[in-house]
C-alpha cells in the first residue's frame, strides 16, 4: 500500500539489488550453551521480555533460533545468518549490567552469555536502488 502510494504520488522508480556487504554470522561459542530446551508447557508464553532493576534481565520463552536471529538482525540493523545448527525452541534468562547502553555491545554480550557468538563477515545483502523520485502530485 505504501509502495503504491510512493509510486503514484512521487513517481518513484526503484529496483532491488543483491550486493555483497557486511553481515553477522551467528555460531556456537566456546562456552556451554546457556539456553534450556523449551517444554510443551512453554507454548502458552512465547516471546522476549525485559525486566529493569539496576541492570536488566532479558527473558526468552519458547524462542526459536530463527526468532533470535530476526531480533538480533533488527537490533543491529544488519543481516544475521544462523550457522548454529540449533533447530529446537529454547528458554533463557540473562542478566545484563546497567552499563550496556550501546545496543551492539549489549547484543554481543547477550549472545556470549547464551553461549553463542556473532562473527562479522561479508555476504549477500538486499538493497533498494532509487532510480527516480519527483515532487508529489496533488490529491
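We did not get these values from a lab; they are worked out from the coordinates using the rules stated. What you see is a predicted model; the values in this text were computed from it and never measured. With ideal geometry, Cβ positions are generated from the backbone for all residues, glycine too; neighbour counts draw on all protein chains shown.
Highest mean packing comes first when the peptides 14-23, 71-80 are listed by Cβ atoms within 10 Å, giving 71-80, 14-23. Between the C-alpha center of the range 58-76 and that of the range 10-30 there is a gap of 18 Å. A Förster distance of 25 Å, applied to the separation of the beta-carbon atoms of residue 103 and residue 19, puts the FRET efficiency at 0.50. Spin-label model, residue 12/residue 133: points 7 Å from Cα along the beta carbon direction are separated by 0.7 nm.
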